[in-house]
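The structure under discussion appears below in the form of C-alpha cells.
The values are calculated or read from the model by the stated rules, or taken from the named source; none is laboratory data. None of these values were measured; they are calculated from a predicted model. All Cβ positions, even for glycine, are placed from backbone atoms using ideal geometry, and neighbour counts span all protein chains on display. Surface areas here come from the heavy atoms of the whole protein model, side chains and all, with no ligands, DNA or RNA. Shrake-Rupley method; radii C 1.70, N 1.55, O 1.52, S 1.80 Å.
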Amino acid sequence: MKLTHQTGIATLVQLIVLSVFALISQVFSVIDTCREDSGDCINNLLISIVFYVLVAVVFGSIWVVGLLAQNSRNKWLAWLLIGIEALVAAVALFSIKIGLQGGMNIPGLLTSLLIAAVALWTITLAFRLTRYQGQRIALSGRRRRRRRPSDQV
C-alpha cells in the first residue's frame with residue numbers, strides 16, 4: 001500500500017507511537033522516583049498522569065487535523081497540518097540536540113528521532129495535498145497502456 005496523501009494514517013501512527021512511548025517513559029519515571037524517595041512518589045505519579053493525558057490530547061488533536069485534511073483534501077487544513085508538524089519536528093530536533101549535549105538516555109533519543117521522522121513524513125504527505133487542491137491524487141506520472149485484443153499477435 002502506497003501512502004501518497006494519507007495524512008490521517010500518518011498522524012494516527014504518530015499518536016499511537018507517542019502515546020506508547022510516553023506511557024512507558026512515565027511508568028519508568030514513577031518507578032524510579034518511588035524507589036528513591038517515597039515522599040515524591042505521589043506527586044510524580046500525578047504529574048505523570050497529567051503529562052500523559054496532555055500528550056494524548058495534543059496528538060489526538062493533530063490526528064483530527066490530519067484526518068480532516070485527508071478526507072476533505074482542503075488546502076488550508078493541509079497547510080495548518082504542515083505548520084503543526086513543523087513545530088513538532090522542531091521540538092523533537094531540539095530535544096535531540098539537548099540530549100546529545102547532556103547525555104540523554106538512549107530510549108529518549110530514539111523516541112525523539114522517531115517523532116522527528118514521522119513529523120517529516122507527515123509534512124511530505126500534507127504537502128502533496130496542497131499541490132492537488134481537492135482533485136484526485138495520482139500515484140505517479142506513469143500510465144499503463146491497455147492492451148486491446150487487436151494488439152495481440
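Tabulated results
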{"quantity": "Whole-Å distance, taken between Cα centres, linking segment 84-121 and segment 1-70", "calculated": "14"}
{"quantity": "Burial ranking of peptide ranges 40-51, 7-18 (average Cβ count within 10 Å, highest at the top)", "calculated": "7-18, 40-51"}
{"quantity": "Gyration tensor (alpha-carbon) shape descriptor, segment 63-125, a/c threshold 1.5", "calculated": "prolate"}
{"quantity": "Heavy-atom accessible surface of segment 1-134: percent carbon and sulfur, 1.4 Å", "calculated": "73"}
{"quantity": "Average accessible area per residue (Å²) across segment 1-112 - probe 1.4 Å, nucleic acids and ligands excluded", "calculated": "61"}
{"quantity": "Heavy-atom SASA rank of Arg131, Arg35 (probe 1.4 Å, accessible area, largest first)", "calculated": "Arg35, Arg131"}
